[in-house]
Amino acid sequence: MALPKFMIADDPVTDPDNEYILHTQEPRFIAQRVDDDDENAHIDIVEEIDDVAGFFQNDQVGLQALLDELGDWYAEYMDWLEEEEGEEE
């Protein structure tokens, strides 16, 4: 069974206010959603498991495409989470 491409991870003991996103395929890394202001946010890599720049051979366009895909996935996850919470009420 293959791992999903992205997974959500919490750290309730040392960092209960944040969620992390694990990218399980090469290049593997841990990312986090960072709020720029009340309406805008971006995804930032906070820990590299593999050499991300080396994987993309310093191709910023390729890296940005992956981060954009991750951002879209995270937005869909948040929408799903809101729907699930709405069904519980």
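What dipole magnitude, in Debye to the nearest 20, does the chain give about its Cα centre under +1 on Lys/Arg Cβ and -1 on Asp/Glu Cβ? Walk me through the intermediate numbers first.
Working: 3 positive and 29 negative charges, 161 e Å.
With only Lys, Arg, Asp and Glu charged at Cβ, the dipole is about 780 debye.
When a 1.4 Å probe is rolled over the protein heavy atoms, the share of accessible surface on the chain that falls to carbon and sulfur comes to 46 percent.
Report the calculated FRET efficiency for ALA9 and PHE56 (r = Cβ-Cβ distance, R0 = 22 Å), to the nearest 0.05.
On the way: r = 23 Å, r/R0 = 1.04.
For ALA9 and PHE56, the calculated efficiency is 0.45.
Accessible surface calculations at 1.4 Å, restricted to protein heavy atoms, place the chain at 74 Å² per residue.
Order GLU84, GLU76 by their accessible area, 1.4 angstrom probe, all chains in place, largest first. Spell out each step's value before the answer.
Details: GLU84 65, GLU76 125 Å².
From most exposed to least exposed: GLU76, GLU84.
Assuming R0 = 35 Å, can you tell me the calculated FRET efficiency for the pair GLU88 and LEU63, based on Cβ-Cβ distance, to the nearest 0.05? That pair, GLU88 with LEU63, gives E of 0.40.
The long axis of helix 60-88 is offset from the longest Cα principal axis of the chain by roughly 10 degrees. Toward the positive end of the charge dipole of the chain, with +1 on the Cβ of Lys and Arg and -1 on the Cβ of Asp and Glu, the farthest Cα among GLN25, PHE6, TYR74 is that of GLN25. Once the gyration tensor of the Cα atoms in the stretch 1-47 is diagonalised, the equivalent ellipsoid follows with semi-axes of 21, 14, 9 Å, ordered largest first.
Taking one quarter of the surface of the convex hull spanned by the alpha-carbon atoms of the chain gives a direction-averaged projected area of 7.7 nm².
The values are calculated or read from the model by the stated rules, or taken from the named source; none is laboratory data. Fair warning: this is a prediction, and the values are worked out from it, not measured in the lab. Cβ: placed from backbone, ideal geometry, glycine included. Neighbour counts: every protein chain shown. Accessible surface is based on the protein model in full, side chains and every heavy atom, while ligands, DNA and RNA are left aside. Shrake-Rupley method; radii C 1.70, N 1.55, O 1.52, S 1.80 Å.
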